[in-house]
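Okay, so here's the structure we're looking at.
The values are calculated or read from the model by the stated rules, or taken from the named source; none is laboratory data. Bear in mind the structure is a predicted one, so any value in this text is a computation, not a measurement. Cβ placement follows ideal geometry from the backbone for every residue including glycine, while neighbour counts extend to all protein chains displayed.
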Amino acid sequence: MEKLQEKIEDKVIDCINSGAVGRLIVFKPEKNSLGADLAVEERGNYKDKEIYFQVNGLVGHKKDDNFVKDFPKESFKTDRSLYLLFVYFDEIRQKINDFVWLVPSLHFRDIADVVKLEDGKSLFRFQASLDIKNKNKYSRYVVEAKQLGKFIMDAFGNKGRFVFKESDFEEKRVINLDSLKEFLCEARKNTYAGNATPDENPRLSSSVQFEFQKGDSLYRDVFFVGDKKFIGQEVIYQNLKPVWGMSYIGDSIGKLETNFLKEALFKLSEKCRLGGIHEYEKREFKYQDRGQGDFAEFSGREEMFLGGKNIYKLDYQGGSISSKI
């Protein structure tokens, strides 16, 4: 299998070189944290970073099968410069198919089917027909193999970003709510709950603003603080489009109480303010969240107690804005 993988990679390199007329350098990176098999850079241009490809091959000799490839969800890596290349290799003809799939890892994370295993773990699954006339959600990522080199050169001319065709079947990609929730939890831990520094120039006058970005996803938390109340909203954008949001209004509290609130929100980042019932205690302080619903649509109230006395409450409501982008 290792020899076949190497042969497939060599065929891909040949395709890139034949269409790039000497303008690209293709090599196999020795060490890469993204798990890439190939890297490409533009010859003589050292301003742009490399574009990385993970080559996923399917070996066979039939044309009516599906291409299926699974990836462990917990270890799947994404990056703006990492692309998944799905290549069918005809073992009898000793050549790759006329078409390949070139899928951005960030897109794949959001549109891939999620397969639950008996042991509780999950897989991201790529599945597409080898007959490209059968349209599916990966149809827009189909690239003619002999045009692969030119396609990559065009990407370098577009600041390292590929321009994929619009598909009549799937012009918009379905948002993966599990991945979106994971991003939200990471964003919360790296902003208010994690004692991050607010933006120096918030978009709204007199507001406090936090932002966290990863790939094509952007989290923004904006709120206003008064002497009695604070009010705000969290919004997640993907490809600059709002896809999820939450509004909240709560009691203004002192520094000591705020520190405990941040600690509770950090410890319960994957649970609180998303529906459900959760608690956290430390010394005389107690945090309590009473919510209902799920990530797609939820509401609730969180409260804080000091020595059994209620000293704070916050009401929240939120959910998905769009199912596709």
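Numbers below:
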| item | result |
| --- | --- |
| The listed residue being within 16 Å of the chain's Cα centre (by Cα), buried (at least 17 other Cβ atoms within 10 Å of the Cβ), at pLDDT 95 or above and part of a helix (DSSP H, G or I), out of LEU180, LEU184 | LEU184 |
| Search result, residues across region 184-203 that are closer than 29 Å to ALA296 by Cβ and of a type in the set (D, E, K, R) | GLU186, ARG188, LYS189, ASP199, ARG203 |
| Residue that is nearest to ASP90 (Cα to Cα) [pool: residues in region 19-34 that are surrounded by 13 or more Cβ atoms within 10 Å (Cβ to Cβ) and of a type in the set (Gly, Ala, Ser)] | GLY19 |
| Matching option when the condition is at pLDDT 95 or above and either within 21 Å of the chain's Cα centre (by Cα) or within 21 Å of GLU297 (Cβ to Cβ) (or both), among GLY245, GLY215 | GLY245 |
| Tally of residues being outside any strand (DSSP E or B) and of a type in the set (Ser, Thr, Tyr) across region 283-325 | 2 |
| Breaking point among (1) assigned to a loop (DSSP other than H, G, I, E, B); (2) farther than 18 Å from TYR192 by Cβ, for GLU270 | (2) |
| Evaluation of SER323 against (1) over 28 Å from LYS77 (Cα atoms); (2) surrounded by fewer than 18 Cβ atoms within 10 Å (Cβ to Cβ) (one fails), failing number | (1) |
| Subset tally (residues that are surrounded by 20 or more Cβ atoms within 10 Å (Cβ to Cβ) and modelled with pLDDT of 95 or more) for region 275-284 | 2 |
| Pair list, Cβ under 6 Å, 6 or more apart: region 209-232 residue closer than 30 Å to SER81 by Cα, other residue acidic (Asp, Glu) | GLN209/ASP199; PHE210/ASP221; ARG220/GLU211; ASP221/GLU234 |
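One line per residue, one yes/no per condition, for (1) among the aromatic types (Phe, Trp, Tyr); (2) in contact with a strand residue (DSSP E or B) (Cβ under 7 Å, 6 or more places away or on another chain); (3) in the same structural domain as LYS135 (by TED's automatic domain parsing); (4) in a loop (DSSP other than H, G, I, E, B):
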| site | (1), (2), (3), (4) |
| --- | --- |
| ASN17 | no, yes, yes, no |
| ILE25 | no, yes, yes, no |
| ASN32 | no, yes, yes, yes |
| LEU58 | no, yes, yes, no |
| PHE67 | yes, yes, yes, no |
| LEU85 | no, yes, yes, no |
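Residues checked against (1) farther than 29 Å from LYS49 by Cβ; (2) exposed (fewer than 13 other Cβ atoms within 10 Å of the Cβ); (3) of a type in the set (Ser, Thr, Tyr):
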residue: LYS77; (1), (2), (3): no, no, no
residue: SER81; (1), (2), (3): no, no, yes
residue: LEU85; (1), (2), (3): no, no, no
residue: ARG109; (1), (2), (3): no, no, no
residue: SER122; (1), (2), (3): yes, no, yes
residue: SER129; (1), (2), (3): yes, no, yes
residue: GLN147; (1), (2), (3): no, no, no
residue: PHE151; (1), (2), (3): no, no, no
